[in-house]
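FYI, it's all coordinate maths here, none of it is from the lab. Being a predicted model, the structure only gives us computed values, none of them experimental. Because the Cβ atoms are built from the backbone with ideal geometry, glycine has one as well, and the counts that use them run over all protein chains shown.
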Amino acid sequence: MKKILIVEDNPMNMELILDLLEFYGYGVTKAEDGIKAIESLAEDKFDLILLDMQLPKMDGLEVLERIKNNPATADVPVIAVTAHAMKGSEEHFIEMGCVDYISKPIDIHKFRALIDMYLGDYPS
């Protein structure tokens with residue numbers, strides 16, 4: 001089973017993403033802030049990371065930088081997740097090391113296709 005780390009501070013968004021990914025058959029670990037995300041990455045290996053870019057304690061860009069600068073996690077694909085996208089945000093997140101981007105509220109069909117694309121599975 002492929003494992004995904006969700007880094008999201010909003011409980012409702014976390015539960016929606018968690019429920020969707022578990023329904024799709026993925027193993028999921030949650031982190032409510034950037035520090036917990038870094039701790040989770042030190043304890044386990046993941047196939048994909050969904051990273052909210054606006055987090056308490058350590059923002060998403062700092063988490064992303066730490067992920068990409070750590071040889072153990074540098075190759076794990078990271079998808080930026082945010083509700084406050086401004087023009088140019090998507091390009092900025094990709095320049096910083098994200099493989100892709102999804103905005104909130106999440107469109108479940110686009111979300112499924114995006115997750116499956118990066119994990120080598122395809123929606124039926």
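Enumerate the lysines that Lys36 could reach by cross-link, defined here as Cα to Cα under 25 Å, with residues fewer than 8 away along the same chain left out. Filter leaves Lys2, Lys3, Lys45, Lys57, Lys68, Lys104.
Put the Cα centre of region 14-58 next to the Cα centre of region 61-110 and the gap is 13 Å. Only the Cβ atoms of Lys and Arg (+1) and of Asp and Glu (-1) were treated as charged; on that basis the dipole of region 11-124 about its Cα centre amounts to roughly 120 debye. Charge tally for Asp44 (other residues, Cβ to Cβ under 13 Å; Lys, Arg +1; Asp, Glu -1): +2.
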